[in-house]
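The values are calculated or read from the model by the stated rules, or taken from the named source; none is laboratory data. The structure presented is a predicted model; accordingly, all values stated were derived computationally and were not measured. Cβ atoms come from the backbone with ideal geometry, glycine included; neighbour counts cover every protein chain shown. For accessibility, only protein heavy atoms count, side chains too; no ligands or nucleic acids. Shrake-Rupley method; radii C 1.70, N 1.55, O 1.52, S 1.80 Å.
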Amino acid sequence: MTSDTATRSHFPLKARLAGMGFLEFAVWGSYLTSLGAYLARIGMGEHIGWFYAVQGVVSIFMPGLIGIVADRWMQAQKVLSMCHFIAGVFMLAAGFYGLGTEAPSFGILFALYTVSVAFFMPTIGLSNSVAYSALEGAGLDSVKHFPPIRVFGTIGFICAMLFVNFTGFQNTATQLVCSGALSFVLALYALTMPKCPVNKGGAHKGLAGALGLDAFKLFKDPHMAGFFIFSMFLGVSLQITNGFANPFIQSFGQLPEYAGTFGVDNANALISLSQMSETLCILLIPFFLKRFGIKTVMLMAMFAWVLRFGFFGIGNPGSGVWLFVLSMIVYGVAFDFFNVSGSLYVDKKTSVEIRSSAQGLFMIMTNGIGATAGTLCAQSVVNHYVFSRPEGAAQVEGWSTSWLIFAGYALVVAVLFLFFFHEKDVKPGNKAVDEAERAAASDDAI
């Protein structure tokens with residue numbers, strides 16, 4: 001079979017997976033970067049961190065538990081559908097509750113939102129597992145063929161962000177209604193995905209196998225243990241800009257010289273440049289993994305987080321808007337070179353029997369423990385330097401100080417990683433790199 005014929009024969013599968021990725025991240029993009037602005041508007045600015053931290057709290061246990069179900073008892077695409085249906089029900093309830101009252105109760109809104117994200121967060125790893133399984137079933141290498149498919153997830157995120165921005169939903173609870181509606185669409189669409197294998201016996205022995213906890217045995221490998229620990233430290237940075245970038249940019253509107261600028265009035269659109277950067281950086285992952293290995297790729301991500309926060313700290317939506325733009329550009333490296341490369345690395349280092357559980361473990365360390373600690377600590381910093389001050393120049397100055405503190409943390413993690421993480425397979429010869437090299441030799445592409 002020629003390369004062109006192979007590409008055409010696999011295109012329908014890749015298109016279906018791309019559609020799944022588009023919807024998966026459109027669900028998240030509907031509110032992830034704009035929820036903080038809505039919460040600040042209804043007087044919950046000091047609680048923004050809790051709405052983002054709870055994503056991390058549920059990620060400590062929900063992805064692992066749901067991953068066990070997908071590995072052991074129910075096909076992953078069906079579990080994906082079930083999770084999105086439940087998440088959609090509660091997100092719609094949160095949205096309609098917010099729209100139905102001028103002063104929503106923190107307890108009610110937070111409870112409805114929490115149940116929704118508890119079932120949404122596992123779907124990120126699940127959608128990856130469904131895609132990896134489908135590509136493997138078609139005889140395709142995930143290192144090469146997954147990143148171009150994952151790009152459509154970023155496109156979905158961008159489309160959702162721009163939609164809520166230009167409709168004016170970024171400051172209202174309607175963004176939650178949009179997210180819930182998209183979850184219902186994906187709940188139906190997931191049922192059309194290729195069937196994933198279920199491993200009910202055989203390789204799993206003992207209590208750990210029965211409970212699907214075999215993925216935790218990866219910590220016995222010092223290299224994988226080091227990878228997961230540093231992933232946790234880097235995960236601290238994941239949700240900080242999602243929660244605080246929008247209210248930070250809009251806070252400049254309190255100053256006459258910045259009021260009415262495009263960035264202040266369209267913060268979500270400006271932030272969407274970050275996701276646009278992702279679309280390019282995702283496509284670069286196969287090359288960088290092949291050429292440099294996981295350690296260098298992770299280091300690039302860590303130093304990109306330093307720049308991401310640092311540019312926010314010294315920029316503004318006026319004469320310094322170019323620094324904001326640079327912050328958005330480096331975000332693609334910061335997020336993708338860590339999140340997507342890390343997921344691919346875990347997939348290549350684990351067996352098919354624990355694929356979903358291993359992806360769940362990666363989520364636990366990054367979006368779970370790391371993001372929870374990071375968001376709550378960031379909220380404390382912002383409360384001290386920003387919300388404890390009167391509106392105006394004092395708050396803007398406090399925001400700048402906060403971003404520079406976050407940049408300092410990311411720099412410390414990067415330096416520690418450079419000296420203390422030793423991956424025996426960082427050079428050509430490891431499984432992930434060999435796979436990437438074989439993929440690079442093929443002419444197949446989406």
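Relative to a virtual label point 7 Å from the Cα of E46 in the Cα→beta-carbon direction, which members of segment 225-243 show backbone nitrogen distances below 15 Å?
It comes to no residues whatsoever.
Quick check: from the Cα gyration tensor, does segment 57-116 come out rounded (a/c under 1.5), prolate or oblate?
oblate
Hey, can you rank 152-160, 250-258 by average C-beta count inside 10 Å, highest first?
152-160, 250-258
Evaluate E = 1/(1 + (r/R0)^6) for A225 and M276, where r is the Cβ-Cβ distance and R0 equals 35 Å; express this FRET efficiency to the nearest 0.05.
After rounding to 0.05, the efficiency reads 0.50.
To the nearest whole percent, what portion of all C-alpha pairs in segment 229-284 is separated by more than 14 angstrom?
The calculated P(r) of segment 229-284 puts 65 percent of pairs beyond 14 Å.
Would you work out what percent of the accessible area of segment 24-155, with all protein chains in place, is carbon or sulfur (probe 1.4 Å)?
70 percent
Determine the distance separating the Cα centre of segment 11-39 from the Cα centre of segment 79-152; give it in Å without decimals.
Rounded to whole Å, the Cα centres lie 9 Å apart.
If the limit is 30 Å between Cα atoms, which of K195/K295; K78/K144; K78/K295; K78/K290 go over it? Could you put the intermediate results ahead of the total?
On the way: K195/K295 34 Å; K78/K144 26 Å; K78/K295 35 Å; K78/K290 34 Å.
In this structure, K195/K295; K78/K295; K78/K290 lie more than 30 Å apart at Cα.
If you roll a 1.4 angstrom probe over the protein chains with everything in place, what fraction of the accessible area of segment 250-337 belongs to carbon and sulfur, to the nearest %?
Within segment 250-337, the accessible surface is 71 percent carbon and sulfur.
Give, in nm to one decimal, the length gained when the segment between F420 and T401 is fully stretched (0.36 nm per residue of separation minus the Cα-Cα distance).
In short, 3.9 nm is gained.
So how do 49-55, 381-387, 335-341 stack up, highest first, on mean other-Cβ count within 10 Å?
My ranking of the peptides, most packed first, is 335-341, 49-55, 381-387.
Rounded, prolate or oblate for segment 359-423? Axes are the square roots of the Cα gyration tensor eigenvalues, ordered a ≥ b ≥ c, and the cut-off for rounded is a/c under 1.5.
Oblate, because a/c is 1.5 or more while a/b does not exceed b/c.
Where in segment 74-89 does the label zone of A181 land, with the point 7 angstrom along Cα→C-beta and an amide N cut-off under 15 Å?
Backbone N within reach: 88-89.
Order 29-35, 134-140, 16-22 from most to least packed using the mean count of other Cβ atoms within 10 Å.
My ranking of the peptides, most packed first, is 29-35, 16-22, 134-140.
Count the net charge of all other residues whose Cβ sits under 15 Å from the Cβ of S274, scoring Lys and Arg as +1 and Asp and Glu as -1.
-1
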